[in-house]
Ligand SMILES: NC(=O)c1ccc[n+]([C@@H]2O[C@H](COP(=O)([O-])OP(=O)(O)OC[C@H]3O[C@@H](n4cnc5c(N)ncnc54)[C@H](O)[C@@H]3O)[C@@H](O)[C@H]2O)c1
């Protein structure tokens, strides 16, 4: 198959959909890889490294789209890419269709095959191509939180791990999923006194078994949250209710009960946030202060560490991309239902129910296409 990797053009997006290592794997299997010049630069991969791995470099985005049977990207196509996508071309990337109607209509019009990273789903309902970014954001939440606890950055001026004779900082994590667990690991490793809360008792039992002694589990409810926020230095919001806006677990009135210089990192901000006073911020201007409480609410945290994020993402996407390249999308999706669930739009038909529902469009089951030869 001919694979094309364009340079991401969304503002501040430095990730790339394929590394030189991934390129080498495709080439070994007999595929052709075209990389748009400088596509990997933001993640630290130079054109020469791709060439050494067997890729051919193309000068611009137009020729990359024009040559490829499968486009591999990171972010959803943006407006200037719409007209470059053609009938029957396979596009494998994050789309998040339900959040942007013009993109949905443009992809319907293109008659391409849109396979979305975010809806590839395992039988246990986990989302293998979203997990890596949650791992990155969870680990980063503590690194950022520790930084903003410093006095010059308006925090309480407390060192996360303390020192001999001085107590460590108290870290409260709301939500014990992928983000929360990775945050807890980092905070515990830095020596903080960590409490992780969830409504899922099974999950808390598991974490109680595997986490170090400086991580305590606590049932999530308003009473317990009110008790904990008074004594916490860093609070991480990491809750998710699939398909719904995150619940406001920390309301505006609660800020007054926190100590001045407390830091809030609301990782769930991309789903509306679980802290009432959190509004999306950017890496250029990540924080603001309300009632002496520092709010960090960057909606694309992994964007700050493109090297790690690109490797984490491509480790997860490559095995699926390889199946698509080796078998073609129809056979690959017939053989692997996880991958078939990633199909969102096929040749003008919306085949993912939630996307059809979001914009009142007709839903055509993807099975219609998997019978094809
Ligand atoms: N800002 C970013 O850059 C970024 C990056 C990656 C993920 N995220 C977001 O982080 C959030 C968490 O993602 P995840 O992968 O950890 O999800 P997850 O599904 O693995 O975990 C969510 C957890 O929240 C728990 N929960 C639900 N209601 C709760 C409540 N009332 N109190 C306490 N816990 C509750 C669930 O039981 C679950 O364990 C999502 O909104 C995701 O979109 C943001």
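What follows draws every value from the coordinates through simple rules; no lab data is involved. In this text, all values refer to a predicted model and were calculated from it rather than measured experimentally. Note: ideal-geometry Cβ built from the backbone for every residue, glycine included; neighbour counts use all protein chains shown.
What does the extension gain come out to for residue 292 and residue 100, with contour length at 0.36 nm per residue minus their alpha carbon separation?
Between residue 292 and residue 100, full extension yields 65.6 nm more.
Sorted by mean Cβ packing within 10 Å, highest first, what order do the peptides 325-333, 231-239, 68-76 take?
Highest-to-lowest ranking by the protection proxy: 231-239, 68-76, 325-333.
Between the helical axis of 306-327 and the dominant principal axis of the chain, each derived from Cα atoms, what acute angle in degrees is found, rounded to the nearest 10?
Compared with the principal axis, the helix lies near 30 degrees.
Based on DSSP H runs of at least 4 residues, each adding -39500 (n - 2.57), what is the mean residue ellipticity at 222 nm of the chain after dividing by all its residues, to the nearest 500 deg cm²/dmol?
Roughly -9500 deg cm²/dmol at 222 nm, from the helical runs in the chain.
To the nearest 10 degrees, how steep is helix 178-189 against the longest Cα principal axis of the chain, on a 0 to 90 scale?
Roughly 50 degrees, rounded to the nearest 10.
Take each of the peptides 346-355, 244-253, average the number of other beta-carbon atoms within 10 Å over its residues, and list them starting from the highest.
Ranking, from highest mean packing down: 346-355, 244-253.
Taking the Cα-to-Cβ direction at residue 57 and at residue 231 and moving 7 Å from each Cα, how far apart do the two end points lie in nm?
5.8 nm
Extension gain residue 147-residue 360, at 0.36 nm per residue separation less the Cα-Cα distance, in nm?
So the extension gain works out to 72.2 nm.
Would you give the gap between the C-alpha center of the range 124-164 and the C-alpha center of the range 251-297, rounded to a whole Å?
Measuring centre to centre over Cα atoms gives 14 Å.
Principal axes first, then extents: for the Cα atoms of the chain, list largest minus smallest coordinate on each axis, whole Å, largest first.
Taking max minus min along each principal axis of the Cα atoms, the chain gives 66, 45, 37 Å.
Take the Cβ-Cβ distance between residue 159 and residue 276 as r, set R0 to 35 Å, and report the resulting FRET efficiency rounded to the nearest 0.05.
Step by step, r from the Cβ atoms, then E = 0.75.
Any chance you could list P(r) for the range 131-304, counting all Cα-Cα pairs in 5 angstrom bins from zero, rounded to whole %?
2, 10, 20, 25, 23, 15, 6, 1, 0, 0
Counting alpha carbon pairs within less than 8 Å and at least 6 residues apart, what relative contact order, in whole percent, applies to the range 131-304?
21 percent
Pairs of alpha-carbon atoms within less than 8 angstrom and 6+ residues apart define the contacts here; what relative contact order does the chain have, in percent?
17 percent
Taking R0 as 45 Å, what FRET efficiency do you get between residue 2 and residue 124 from their Cβ-Cβ distance, rounded to the nearest 0.05?
In this case the efficiency is close to 0.85.
Using 0.36 nm per residue of separation minus the Cα-Cα distance, give me the extension gain between residue 368 and residue 82 in nm, one decimal.
Length gained, residue 368 through residue 82: 100.4 nm.
In whole Å, how far is the Cα centre of the range 300-340 from that of the range 23-69?
Using only Cα atoms to place each centre, the spacing works out to 16 Å.
What residue among 128, 306, 102 shows peak mean-square fluctuation when the chain is described by a Gaussian network model with Cα springs under 10 Å?
Between 128, 306, 102, it is 102 that shows the largest mean-square fluctuation.
So what's the angle, to the nearest 10 degrees on a 0 to 90 scale, between helix 101-110 and the longest Cα principal axis of the chain?
20 degrees
Taking every DSSP beta bridge with both residues inside the range 131-304, roughly what % is antiparallel (nearest 5)?
Of the beta bridges lying entirely in the range 131-304, close to 20 percent run antiparallel.
How high is the relative contact order of the range 16-163? Use alpha-carbon pairs under 8 Å, at least six apart in sequence, and give a whole percent.
14 percent
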